[in-house]
1. For the range 1-83, which fully contained strands (runs of 3 or more DSSP E) count at least 2 residues that are more than 21 Å from residue 109 (Cα to Cα), touching a strand residue (DSSP E or B) at 6+ places or on another chain (Cβ under 8 Å) and modelled with pLDDT under 85?
2. Under 6 Å between Cβ atoms, which residue pairs at least 6 apart in sequence (or on different chains) link something in the range 86-112 that is farther than 19 Å from residue 37 by Cβ with a partner that is of a type in the set (S, T, N, Q)?
3. Any residue in the range 34-48 that is in contact (Cβ under 8 Å) with a residue 60 or more places away in the chain and charged (D, E, K, R) sitting within a Cβ distance under 9 Å of a residue that is part of a strand (DSSP E or B) and exposed (fewer than 10 other Cβ atoms within 10 Å of the Cβ)? List the pairs, counting only those 6 or more apart or interchain.
Amino acid sequence: MKYVDAYPENSDNEVLINIWNWNPRWSVTVTDESGNNLNVSKVWAYDPLHIKALTVKRFNSSTLTSTPNFITEKFTHFFKVKAKDADTDLVITVKDEFGHSWSENMQRPKAF
């Protein structure tokens, strides 16, 4: 049930951002399509793609007699922002301590 309850229907326009290999010396900024900086919050979260790809398949068995291995746990490389609405596009930029940066233009709504 912890996976079912982890992601209830979201009508608050919150966006969960997964920054794989996150390092505390990095920075993350998110701007909306109007150039407004959004408040970024670091969160502990279950990886929804891991749940969908691995955990659900392991629990969805009529012969299950124990807890499967390699199930989803909470991770520290997730962030949340709140957008103006569900159609607001975002630019997510991550910079490392060496000056490298990576950006994604997230068109919303984004397919899961």
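1. Numbers: elements: 14-18, 27-32, 41-46, 74-82.
The strands (runs of 3 or more DSSP E) meeting that bar are 74-82.
2. Hits for this filter: 86/13.
3. Once the first residue is in contact (Cβ under 8 Å) with a residue 60 or more places away in the chain and charged (D, E, K, R) and sits in the range 34-48, no partner that is part of a strand (DSSP E or B) and exposed (fewer than 10 other Cβ atoms within 10 Å of the Cβ) comes close enough.
The values are calculated or read from the model by the stated rules, or taken from the named source; none is laboratory data. Only a predicted model underlies this, so the values are computations on that prediction, with no experimental measurement involved. A quick note on method: Cβ atoms are made from the backbone with ideal geometry, for glycine too, and the neighbour counts reach across all protein chains shown.
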